[in-house]
Amino acid sequence: MRIPTRVLYRRRYPMMLLACALLLGLAFAPSSLVPRPARTVIALAGVTALALALALTALRRFIAEPAGEAISVTPPVTGRWLVLNGPSSAVPSHGVRLWGQAYAVDLVADPLPSLPTPEPAATRPEFGSPAFRETQAYPAFGQPVYAMVSGEVVAVHRARRDHRARSSHLSLLWLIAEGFVRQLGGTRWLLGNYVTIRAEGTGGRSVYATVAHLQRGSVLVRAGDRVTAGQRIASCGNTGNSSEPHVHAQLQDHPRAMLADGLPMTFTPLAALPVNGEHLDVGVR
């Protein structure tokens with residue numbers, strides 16, 4: 001049976017994980033457990049899977065479907081937020097196209113000192129000592145997160161704990177090592193607590209909106225629920241592969257991030273997202 005190239009392309013990352021698992025397992029397995037003929041077969045399978053995954057990644061522009069025009073969605077936050085790792089500055093915005101992150105954006109609460117937030121901190125701490133800072137020190141932590149689109153909730157995870165912020169160069173090195181392990185662990189380890197919603201009214205186009213790194217115990221919806229754009233669905237946290245409390249937002253073309261390509265987006269009524277280092281000001285709903 002012929003397997004479409006795009007089907008394989010979507011599964012390039014699982015193939016990479018399988019290849020790494022086979023080759024690492026082979027490296028540490030004793031000869032008595034895995035005889036030579038079996039080792040040869042496993043090694044060939046691992047190398048083949050890895051080579052195929054890398055080839056599919058390199059040939060992306062000839063395989064992947066065009067991203068299309070930016071889709072306008074409701075901002076997932078209110079107030080004054082700093083834009084980091086956004087697609088207006090670079091694509092892919094997070095350095096990779098895996099996990100549907102090509103056009104994702106990170107939003108960090110950065111209120112003006114004269115405008116205190118309800119809880120718990122009024123201003124964002126400066127980068128530096130201490131290396132691991134409590135999440136409550138950041139104004140983003142606990143802030144409401146809203147649905148970007150109207151539609152059906154198709155995926156929810158809520159069990160990851162909020163960890164301390166990585167707030168120095170030394171702790172960022174630790175975060176890089178953490179990130180490698182989290183990618184091996186899968187979507188829940190990487191995105192932490194998240195909600196994915198299938199958007200309605202997209203003319204048959206598959207559009208899914210995901211918000212991630214949500215606070216543990218704050219998610220208000222379950223898979224199968226119907227929500228409207230602007231409805232509160234959770235609170236900002238610091239779960240998964242996150243250096244400090246923030247909202248990670250992205251549009252993707254598949255309900256599972258591991259198999260998704262990212263889709264370009266903007267927040268209503270903007271024509272394009274602000275560039276990195278600029279602020280997004282959203283009125284209270």
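The values are calculated or read from the model by the stated rules, or taken from the named source; none is laboratory data. Note that this is a predicted model, so its numbers are computed, not measured. Virtual Cβ from ideal backbone geometry, glycine too; neighbours counted across all protein chains shown. We work out accessible area using only protein heavy atoms, side chains counted, and drop any ligands, DNA or RNA first. Shrake-Rupley method; radii C 1.70, N 1.55, O 1.52, S 1.80 Å.
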Over the stretch 154-171, the set of residues outside any loop (DSSP other than H, G, I, E, B), open to solvent by less than 40 Å² (accessible area, probe 1.4 Å) and within 29 Å of residue 127 (Cβ to Cβ) is 157, 165, 166, 171
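Conditions (1) of a type in the set (A, V, I, L, M, F, W, C); (2) surrounded by 20 or more Cβ atoms within 10 Å (Cβ to Cβ), marked per residue:
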{"residue": "81", "(1), (2)": "yes, yes"}
{"residue": "136", "(1), (2)": "no, no"}
{"residue": "146", "(1), (2)": "no, yes"}
{"residue": "176", "(1), (2)": "yes, no"}
{"residue": "180", "(1), (2)": "yes, no"}
Reported set for the stretch 97-112 where residues are touching a Phe, Trp or Tyr at 6+ places or on another chain (Cβ under 7 Å) and open to solvent by 10 Å² or more (accessible area, probe 1.4 Å) is 98, 110
Matching residues in the stretch 181-237 (within 22 Å of residue 13 (Cβ to Cβ) and among the basic types (Lys, Arg)) number 3
